[in-house]
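Working notes for the structure below.
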Amino acid sequence: MPENRIPAVSDPALRPVAEKVAAGESLSYDDGVALYRSRDVHGVGRMANFVRERMHGDNTYYNRNRHINYTNVCALSCKFCSFYRKRGEEGAYEMPVEQVVETARKAADAGATEVHIVGGLHPWLKFDYYLDMLRGIRRECPSLHIKAFTAIEIVHFTRVARTSIRDVLVALRDAGLGSLPGGGAEIFDDRVHDEVFKGKVGANKWFEVHRTAHELGIYTNATMLYGHVERPEERVGHLIKLRELQREALSRQAASFNCVIPLSFVPEDSELGALPGPTGLTDLKTLAIARLMLDNIAHIKAFWIMQGVGLSQLSLSWGVDDLDGTVVWYDITKRGENFGGHGTTHQELHVEDLRRLIREAGRLPIERDTLYRPIERDPRAAASGPASPATNALIGASWV
C-alpha cells in the first residue's frame, strides 16, 4: 500500500487533482475533464496506480470463465455493432437451449466458475427460452455462477413477456441467474445515443434495470464504450453517473456494482468503420481515469479482448486490477491481431497465460469467483481441470 503522499505530476493543472487523490477525496466533473485534457499521461497513470495500490496492493484478479453468445439475431441495428444479423442473413445463428446448456457443462467440467451469457434482441424467442436456459444450466452445473443478459436484453424481455423489469429479474433469479453483466451502457449522453444507437433504450432504462437488480440483491457490472463519436467530457459524465448509482446502492446496503469495464471501440466491420478507433494512449488514459473517478467501485477491469493483451498487461500499472478471464469464445468483437487471423471467435487465454502476464507486470495473480472471492484449488489437480468442491472452497467475502 502506498504511503499517504501526493503522486508526482508534471502538469501544474493536475496538482489539485493529485492532492485530492492523496486525501482520498472524490474527483469532480472538472477534475475528470482536466485529466483528459492534460498531456501528462504518466502523471495520470501514477495517480491511478496510487489508488489501485491503496485499494488492492499488488493483488490482480482473473477468473476461469466461458462466454456464450446464444444468438446474433437482433431487432436493433446499432452503428457501432458488427455482431448483429437479421434472421435469414448469412452468418445469423440461434443456439438451441440444449446447446447452451451443453456448452456451460463443458466449461464447468474444464474448471470454469462462471458463464457469461449475452446475445442479440431476438424478435421471436419466447421468455421461456431464457428461463429454460438458466434452469438447464443450474440443473447440470449447480456450482457454476451464471452472469447473463445485459440491461438492454432485460428490457427486451419485458416486452416479450409483457411484464415489469422487477418481475423479469425475479423470474430470472429464481431460474438460476446469479448476476448481470454491464453491457449496453455505451455512453450515457443523448447526443451520442441519437447519433450512434438511436432506437436502443436510453440511460434511464439502463439505470432502472441495474437499480432494480441491486434492490433484489443481484450484483451487476457496468461498462463504458469509448473511442467512437463521444467526447472526453461525455466519458466523464458517464463515469459520474455510475458513481452516483453506486453511492445510492451502497447507502441501501443492497447489492451494487462489482466492477467497471471500459471497452475500447473496435470499428472494423461496423457502420462506423471509417473511424480510427482509440489509440493506446486513449486506452490507458481512460482506464486510469475510470479508476480515479470511480472511488466507490472496487474493481476496474481491462477486458483483454478489447484493449489487446499487451496493453491490458501494461494497464495493471494504470489503475487496473482485473484482467477478466479465459473467455474461450467471443463473438461480439473479433480482433485478429492476437489470434492469428481476422474474424475469429475462438479468443482464449489459458490460466497460465493470465498468471504469467500478471507476474511479469510485478503483480500477484489471484483467481476469483464472480463476486471477487478468492478461489483456492487443489495443487494436485490439473491446472485446467475441474476442482473438487472440498478443495475449491471460496474463501473471504465479497468486497461490499
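Anything in segment 284-317 that is in a helix (DSSP H, G or I) and without any contact (Cβ under 8 Å) to a residue 60 or more places away in the chain? List them, or say none.
Those that are in a helix (DSSP H, G or I) and without any contact (Cβ under 8 Å) to a residue 60 or more places away in the chain: W304, I305, M306, Q307, V309, G310, L311, S312, Q313, L314, S315.
Restricting to segment 170-190, and then to whatever is modelled with pLDDT under 95 and either out of contact with any Phe, Trp or Tyr (no Cβ under 8 Å at 6 or more places or on another chain) or over 29 Å from V115 (Cα atoms) (or both), can you tell me which residue is least open to solvent (accessible area, probe 1.4 Å)?
The selected residue is G183.
Within segment 212-221, can one find any residue that is in a strand (DSSP E or B), in contact (Cβ under 8 Å) with a residue 12 or more places away in the chain and out of contact with any Phe, Trp or Tyr (no Cβ under 9 Å at 6 or more places or on another chain)?
no
Taking segment 49-106 only, how many residues are under 26 Å from F127 (Cβ atoms), of a type in the set (K, R) and at pLDDT 95 or above?
Total meeting the criteria: 1.
Hey, G277 hits all of (1) open to solvent by less than 20 Å² (accessible area, probe 1.4 Å); (2) modelled with pLDDT of 95 or more but one; which does it fall short on?
Among (1) open to solvent by less than 20 Å² (accessible area, probe 1.4 Å); (2) modelled with pLDDT of 95 or more, G277 violates only (2).
Quick one: in segment 25-57, which of the residues that are surrounded by 21 or more Cβ atoms within 10 Å (Cβ to Cβ) and aliphatic (A, V, I, L, M) is nearest to P232 (Cα to Cα)?
Among those residues, the one meeting the criterion is L35.
Do you know which of the residues in segment 134-152 that are surrounded by fewer than 17 Cβ atoms within 10 Å (Cβ to Cβ) and assigned to a helix (DSSP H, G or I) is nearest to the chain's Cα centre (by Cα)?
Looking at the filtered set, the residue picked out is R135.
Can you tell me which residues in segment 197-228 are out of contact with any strand residue (DSSP E or B) (no Cβ under 9 Å at 6 or more places or on another chain), more than 19 Å from S256 (Cβ to Cβ), of a type outside the set (F, W, Y) and surrounded by 18 or more Cβ atoms within 10 Å (Cβ to Cβ)?
K200, V201, H228
Give the residues of segment 4-24 that are among the aliphatic types (A, V, I, L, M), in a helix (DSSP H, G or I) and open to solvent by 40 Å² or more (accessible area, probe 1.4 Å), sorted by residue number.
Those that are among the aliphatic types (A, V, I, L, M), in a helix (DSSP H, G or I) and open to solvent by 40 Å² or more (accessible area, probe 1.4 Å): A13, A23.
Got at least one residue in segment 319-341 being of a type outside the set (D, E) and modelled with pLDDT of 95 or more?
Yes, the conditions are met somewhere in segment 319-341.
Within the set of pairs 6 or more residues apart or between chains, which connect a residue that is at positive phi inside segment 178-189 to a residue that is surrounded by fewer than 21 Cβ atoms within 10 Å (Cβ to Cβ) with Cβ atoms less than 7 Å apart?
none
Based on this model, can you work out whether R15 counts as closer than 23 Å to T279 by Cβ and either touching a Pro at 6+ places or on another chain (Cβ under 9 Å) or not β-branched (V, I, T) (or both)?
no
Kindly establish whether R247 is closer than 21 Å to G319 by Cβ, among the basic types (K, R) and either touching a residue at least 24 places away in the same chain (Cβ under 8 Å) or surrounded by 19 or more Cβ atoms within 10 Å (Cβ to Cβ) (or both).
Answer is yes for this residue.
Look at V155 and say whether it is touching a Phe, Trp or Tyr at 6+ places or on another chain (Cβ under 6 Å) and either under 22 Å from L242 (Cβ atoms) or assigned to a helix (DSSP H, G or I) (or both).
So V155 does not fit the description; no.
The values are calculated or read from the model by the stated rules, or taken from the named source; none is laboratory data. Everything numeric in this text was worked out from a predicted model, so none of it was measured. Here the Cβ is made from the backbone with ideal geometry for all residues, glycine too, and neighbour counts use every protein chain on show. Calculation scope for accessible area: heavy atoms of the full protein, side chains included, ligands and nucleic acids excluded. Shrake-Rupley method; radii C 1.70, N 1.55, O 1.52, S 1.80 Å.
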